1. Does region B:22-43 contain any residue that is facing chain A (nearest Cβ under 9 Å) and farther than 25 Å from residue A:469 by Cβ?
2. State whether the residues of region B:48-70 include one that is free of Cβ contacts under 8 Å to residues at least 24 places away in the same chain, part of a helix (DSSP H, G or I), closer than 19 Å to residue A:6 by Cβ and open to solvent by less than 60 Å² (accessible area, probe 1.4 Å).
3. Which of the residues belonging to region A:250-304 are assigned to a helix (DSSP H, G or I), charged (D, E, K, R) and out of contact with any strand residue (DSSP E or B) (no Cβ under 6 Å at 6 or more places or on another chain)?
4. When the residues of region B:3-21 are filtered to those that are open to solvent by less than 70 Å² (accessible area, probe 1.4 Å) and more than 7 Å from every other protein chain (Cβ to nearest Cβ), which remaining residue is farthest from the ligand (Cβ to nearest atom)?
5. Can you find, within region A:227-249, the residue that is least open to solvent (accessible area, probe 1.4 Å) among those that are modelled with pLDDT under 95 and assigned to a loop (DSSP other than H, G, I, E, B)?
6. For region A:454-466, what are the residues that are over 10 Å from the mean Cα position of the chain (by Cα) and surrounded by 24 or more Cβ atoms within 10 Å (Cβ to Cβ)?
Amino acid sequence: MATANDANKVRRGLLIKLIKEYRKGTLRETIDRIPYQMRPKNDESSRCCIYKDRAVLKYRLMAMLGIGVETETDESKPLSEYYDDAEKREKPDSDILSVLDVACSHCITSRYLVTNACRGCFARPCTFNCPKNAIKVIDGQARIDYNLCIDCGKCTQVCPFHAIIRVPVPCEEACPVNAIRRDEKTDRQYIDFEACTSCGKCMTACPFGAILERSQIIDILNAIKAGKDVVAMVAPAIVGQFAGSLGQIASALKKAGFAKMVEVALGAEMTTEHEVKDFIDRMNDDGTLMTTSCCPAYVETVKRHVPEMLPFVSGAKTPMQYTAETVKQETPNAITVFIGPCVAKRKEASEDNNTDYVMTFEELGAMFAAYEIDVAGEPAIKLEHDVKGYARGFATSCGVSAAILEEMKKLHPEMDIPELKGNFINGLDKKAVKQLKLYAQGKLPGNFLEVMACEGGCVGGPCAIGQVRLATQAVKKLAEEPPK
Amino acid sequence: MSKVHVKICVGTTCFVMGASELQDLEKFLPDDLKDKVEISGAACLGLCRDENYGEAPFVTVDGEPLSNATVNAIVDKIREKL
Ligand code: FES
């Protein structure tokens with residue numbers, strides 16, 4: 001999700017620098033100096049000191065090289081050597097997110113905190129209402145004994161001064177499946193990869209920018225440099241990520257070295273057709289419910305946390321998979337790069353033989369900036385494939401449902417078409433995961449469920465750069481455009 | 001009364017570096033400024049390629065370029081011009 005904040009700016013600035021140096025062919029020599037250039041002596045620090053800032057920058061660069069920071073065994077190993085490792089690897093990692101311990105602020109885990117607005121009053125409702133007797137007034141201030149506190153929150157409700165507040169741990173709060181936790185022994189935050197669905201919500205939530213994503217940018221730049229046919233498969237959410245039309249984006253991608261641009265909306269058409277067929281078959285076969293299958297973070301959530309839902313997930317492949325399949329059929333030597341707002345797609349791509357790499361919108365934007373390509377200044381080129389409008393609408397919440405309804409309308413009237421009673425989950429959080437369980441048990445109404453892990457749909461993805469409201473407008477407008 | 005003109009660069013570099021969010025500037029303007037400012041988008045101002053100008057995103061306030069633009073910095077600049 002694109003929000004203006006310093007962590008985003010630093011990350012994007014760093015990416016632009018990295019790509020610029022790569023392009024000049026000087027990255028290996030200069031990469032170890034980048035943290036010093038960005039935080040020179042006597043500069044203001046954003047953490048405790050410039051030395052820590054530089055250490056964090058070093059790890060960020062490591063992640064941008066596609067290397068997991070937790071794999072570090074030798075702290076003195078320079079970035080230039082990690083760069084060599086990146087050059088040598090054949091395939092990117094399939095674990096995607098890492099917690100950067102030096103950047104992590106080890107947020108207090110006690111959820112309730114007495115602030116100094118506490119006046120140690122006479123009535124003391126906090127002490128009386130605490131079911132565990134965890135609050136005592138000492139020296140005129142209420143104190144919580146965290147060994148007794150069970151995080152029920154009663155005290156916050158009864159304090160007449162609102163002096164007791166709830167302090168969340170942002171990453172834990174954001175994770176829909178409790179995959180990010182504190183290790184009691186080391187007191188470090190860690191990601192449980194068995195539980196993690198790679199949705200990327202922790203990354204956006206952490207105010208210290210301490211969750212890193214392993215990039216594949218070097219692999220992609222290498223493929224382009226080697227003169228391979230690198231095909232940019234752009235997710236429907238790309239509209240609204242840059243000021244400029246699809247035709248202009250296609251031209252900008254060519255200028256950046258991609259062989260051509262293919263819209264993933266092309267695959268979204270196929271997904272829709274398959275889902276419609278799947279839905280009709282299921283309903284005629286006394287099925288009760290079908291859910292969408294295109295959001296990888298949702299599908300991972302089902303696999304890892306709501307397995308009882310699995311039989312209800314449509315068997316249709318995702319738009320990315322159909323698109324990659326088509327591209328590889330047309331050009332077997334092509335290197336396929338999915339470009340989107342999504343972290344979970346990296347996971348999905350690592351299991352899909354036809355998708356070679358994943359690039360985020362943020363990385364693409366940084367690449368354009370580093371190459372001094374201005375999308376709006378490009379001539380629009382004609383798109384190779386005709387794509388139906390509804391397929392371009394996949395990127396917004398309810399977009400998939402709309403596509404399916406539209407495709408159903410076109411079926412022959414004499415066919416026996418079951419009525420679609422649709423529902424949707426717009427953004428997966430802890431509550432929605434519980435809801436999924438109820439859906440799987442048949443306790444909630446409807447026979448069709450669209451699930452998008454990100455609020456607003458893909459336009460609200462963790463690696464989008466466009467402002468969500470405007471990007472949504474742009475996607476919808478294009479989806480409604482009559483086909484040419 | 002003439003208005004202060006704010007141009008937000010939505011060229012690719014500025015967009016990536018935060019201009020996408022600045023497009024909502026109007027919403028964040030303090031009430032007393034709302035009818036004194038005219039906001040428009042602009043194509044790449046060329047400043048992102050010039051080392052002399054600091055960092056993107058760029059906006060211009062009555063023609064004066066502002067680098068590293070944030071809502072607060074823009075508001076301050078507008079007040080200066082009034
Ligand atoms: S993109 Fe804003 S000045 Fe070039």
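The values are calculated or read from the model by the stated rules, or taken from the named source; none is laboratory data. As the structure is a computational prediction, the values presented were derived from the model and not from experiment. Neighbour counts are summed over all protein chains in view; Cβ atoms, including those assigned to glycine, are modelled from backbone coordinates with ideal geometry. For the accessible areas, the whole protein counts, side chains as well, though only heavy atoms, and no ligand, DNA or RNA atoms are used. Shrake-Rupley method; radii C 1.70, N 1.55, O 1.52, S 1.80 Å.
1. As a first pass, look at region B:22-43 and keep what is facing chain A (nearest Cβ under 9 Å): B:22-24, B:41, B:43.
From what's left, farther than 25 Å from residue A:469 by Cβ: none.
The answer is no, given that none of the residues of region B:22-43 is facing chain A (nearest Cβ under 9 Å) and farther than 25 Å from residue A:469 by Cβ.
2. no
3. Scanning region A:250-304 gives A:254, A:255, A:269, A:273, A:275, A:277, A:278, A:281, A:300, A:303, A:304.
4. B:4
5. Taking the candidates together, the pick is A:241.
6. Of everything in region A:454-466, those that are over 10 Å from the mean Cα position of the chain (by Cα) and surrounded by 24 or more Cβ atoms within 10 Å (Cβ to Cβ) turn out to be A:457, A:459, A:465, A:466.
This table checks each residue for (1) assigned by TED's automatic domain parsing to the domain that holds residue A:277; (2) under 16 Å from residue A:270 (Cβ atoms); (3) part of a helix (DSSP H, G or I).
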{"site": "A:317", "(1), (2), (3)": "yes, yes, no"}
{"site": "A:338", "(1), (2), (3)": "yes, yes, no"}
{"site": "A:347", "(1), (2), (3)": "yes, no, yes"}
{"site": "A:392", "(1), (2), (3)": "yes, yes, yes"}
{"site": "A:424", "(1), (2), (3)": "yes, no, no"}
{"site": "A:431", "(1), (2), (3)": "yes, no, yes"}
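Per-residue answers, yes or no, for (1) over 26 Å from residue A:445 (Cα atoms); (2) of a type outside the set (Ser, Thr, Tyr); (3) more than 16 Å from the ligand (Cβ to nearest atom):
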| position | (1), (2), (3) |
| --- | --- |
| A:335 | yes, yes, yes |
| A:350 | yes, no, yes |
| A:359 | yes, yes, yes |
| A:368 | yes, yes, no |
| A:377 | yes, yes, no |
| A:383 | yes, yes, yes |
| A:396 | no, no, yes |
| A:400 | no, yes, yes |
| A:411 | no, yes, yes |
